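Data first, discussion second: the structure below is written as structure tokens.
The values are calculated or read from the model by the stated rules, or taken from the named source; none is laboratory data. Nothing here was measured: the structure is a model prediction, and the numbers come from that model. FYI the Cβ positions are ideal-geometry reconstructions off the backbone, even for glycines, and counts take in every protein chain you see.
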Amino acid sequence: MAITLVQSNSANASSPSSLAYSSNNTAGNLLIFTGFNPGSGGTYGVPTDSQGNTWNVAVHDAGSGIFYAMNCRGGANTVTAGFWTSGATAGYAIYEFSGVALTSALDQVAAIVYATWNSSITPTAANELLFAMSYNQNSSGLTSITVGSGWTTSTTFTYTDGAPHYYVGQAGYMVQTTATTENASAWSTSGKQEFLMASFFATAAVDPTVTTQAVSSIGTTTATGNGNITATGGVNPTVEGVMWSTSSFSTPANGTAPSGSYATNSGSYGTGAFTVSMTGLTASTTYYVCAFATNSVGYSWGSVVSFTTSAPPVVPECMMMGIGT
């Protein structure tokens, strides 16, 4: 299932700081809290929120960190920072992502503190979410941080109490298609102090969900089969179709390939209704029909419906005998 940023919010605020999501969280999504507080005596702690979600440490230093809550509860939510320095100003941000694994979501982490910027992580699976936060100190003024290629800039934090305490923090994220090494050195700035990065697994794809609709356009030897893909399973189905028989049958188990008489469309299909042409039927015959679709995980089936083909047209007896011709 593709990972998508749902919403975010941020603030530069005196500690402790609370941030509210602007919209209700959707149950099952991943929540991320990040921020930095460069003041002396910085401490860290795990955030809390008004929904009672369980927050975990992905990676942290004394005054900065990336924290996450898996499989969140739905509804309005406010997150309270767990780390701060009394009396200082800090930058905080919260995020909500869909499509992240519900359990054991964290894959890889990397952290650099006052060191050579050559650390990297290589996700162990495709389609992972990479999230990073960096901040720097510059004695002559605020300097920007440029994120690496492929990263989306999401939040910029600033903090200063005059020279030499000019700080800029930057958070960013990317969703990879294939597992590729990402290096801290790709983020360009001077005076880097800390760089934190974490990767999270995507929700595993499952079979699509399909329903069978009533057959339409019924003729003597043809008809139109109708189905509906109500969920892709995280990966678009590549085949959709219907299977039919003159013998009654039960809905096949998921993973079962069609056999006997069936018709398909091939392509890349999201959710929605589909039709296929049924040909070679026999007039005045009852048929049993079941819709199906398959993605990279396997086949999925709808329920079985029935219909009866039309009777052949009646030919007047006089025409059969050749009278009047």
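Select from the range 268-305 the residues that are under 15 Å from Gly227 (Cα atoms) and at pLDDT below 95 and write down the one among them that is surrounded by the fewest Cβ atoms within 10 Å (Cβ to Cβ). This residue is Gly270.
In the range 157-169, the condition of being at pLDDT 75 or above and either touching a helix residue (DSSP H, G or I) at 6+ places or on another chain (Cβ under 6 Å) or polar (S, T, N, Q) (or both) is met by no residue. When the residues of the range 98-112 are narrowed to those that are in contact with a Phe, Trp or Tyr (Cβ under 8 Å, 6 or more places away or on another chain) and in a strand (DSSP E or B), which ends up farthest from Val59 (Cα to Cα)? Result: Val100.
Scanning the range 254-267 for residues that are in contact (Cβ under 8 Å) with a residue 24 or more places away in the chain and exposed (fewer than 12 other Cβ atoms within 10 Å of the Cβ) gives Ser266, Gly267. Say we look at the range 115-145 and pick out the residues that are buried (at least 16 other Cβ atoms within 10 Å of the Cβ), at pLDDT 85 or above and in a loop (DSSP other than H, G, I, E, B); which of these is farthest from the chain's Cα centre (by Cα)? Applying the filter and picking the extreme gives Pro123. Residue count for the range 266-311, restricted to those that are part of a loop (DSSP other than H, G, I, E, B) and farther than 17 Å from Asn236 by Cβ: 10.
Of all the criteria given as (1) buried (at least 21 other Cβ atoms within 10 Å of the Cβ); (2) under 28 Å from Gly99 (Cβ atoms), the one not satisfied by Val235 is (1). When the range 26-46 is limited to residues that are in a loop (DSSP other than H, G, I, E, B) and crowded, with 24+ Cβ neighbours inside 10 Å, the one that is modelled with the highest pLDDT turns out to be Asn37. Within the range 268-279, being small (Gly, Ala, Ser) and out of contact with any Ser or Thr (no Cβ under 7 Å at 6 or more places or on another chain) holds for Gly272, Ala273. The set of residues from the range 306-315 being crowded, with 16+ Cβ neighbours inside 10 Å and of a type in the set (A, V, I, L, M, F, W, C) comprises just one member, Phe307. The combined condition, being of a type in the set (Ser, Thr, Tyr), under 29 Å from the mean Cα position of the chain (by Cα) and under 30 Å from Ala110 (Cα atoms), is fulfilled by Thr203.
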